[in-house]
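Input: a single structure, listed below in structure tokens.
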Amino acid sequence: MDNLFSIDWHAFFVPENSILDVVARGTVMYLAIFLFLRVMGRRQSGSFATADILVIVLLADAAQNGMTNEYKSVTEGLALILTILAWDYAIDWLCFHVPALRRLLTAPSLCLIKDGVLQHRNMRKELITKEELMSQLREEGVESVAQVKRAQLEEDGRISVIRTQP
């Protein structure tokens, strides 16, 4: 066994590609993704949904290949990024225009508290403990379940709270 802990210092510090090539690829990929997201993007309320996280992960992988010379040209990386964004937009467009598809592809909101009563069956379905729910309620300034008219687990994972009227 050759020295297991030896380091090839030359390969460690000397790049395989020119630094200018790396900078140019990084610049083109960054600006392209930035522009694509600005043009195709839309304002969204709340936090990220599962589909948004999937798109971000796929974009990161596609961009990484375009930046690190895995593809022979930056154009291949840009084509893949455009494909991912086009499918994301197409699915969102279809869900907006076809209610049956929206019901199939998006999780409906789920009631966790109704008129001050915990909905244990729904909490169990989503594996939400009372402690987790109470933590979310405290973040909303709610001290007791009795103060809640309705609490919903929304599609994006947030919990929306409607308080009872004083």
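List of remarks:
- From largest to smallest, the equivalent ellipsoid semi-axes obtained for the chain from the alpha-carbon gyration tensor read 45, 24, 14 Å.
- Dipole of the chain, positive direction: furthest Cα of Gln165, Val23, Leu137, with charges on the beta-carbon: Gln165
- Helix 130-139 axis, angle to the chain major axis (alpha carbon atoms, nearest 10°): 80
- Net length available on complete extension from Glu139 to Thr75 is 18.4 nm, with 0.36 nm assigned per residue and the Cα-Cα distance removed.
- Between Ala11 and Ala146, the modelled label-to-label distance comes to 6.9 nm, taking each label 7 Å out from Cα in the direction of the beta carbon.
- Label separation (Gln165 vs Val22): 6.5 nm, computed from points 7 Å beyond Cα along the C-beta direction.
- Between His97 and Val57, the modelled label-to-label distance comes to 2.9 nm, taking each label 7 Å out from Cα in the direction of the beta carbon.
- Pairs of Lys in the chain closer than 29 Å at Cα, counting only those 8 or more apart or on different chains: 5
- Sites Ser109 and Asn65 - FRET efficiency at Förster radius 35 Å, r taken between beta-carbons, to 0.05: 0.40
- Rotationally averaged projected area of segment 110-163 (alpha carbon convex hull; nm²): 3.1
- With the charge dipole of the chain set up from +1 on Lys and Arg Cβ and -1 on Asp and Glu Cβ about the Cα centre, the Cα lying farthest toward the positive end among the listed residues His97, Ala11, Leu127 is that of His97.
- Under 14 Å, Cβ to Cβ, from Val117 - net charge with Lys/Arg +1 and Asp/Glu -1: +4
Readers should treat all values here as calculations from the given coordinates under stated rules, not as data from a laboratory. Owing to the predicted nature of the structure, the values given are computational and were not obtained by experimental measurement. Note: ideal-geometry Cβ built from the backbone for every residue, glycine included; neighbour counts use all protein chains shown.
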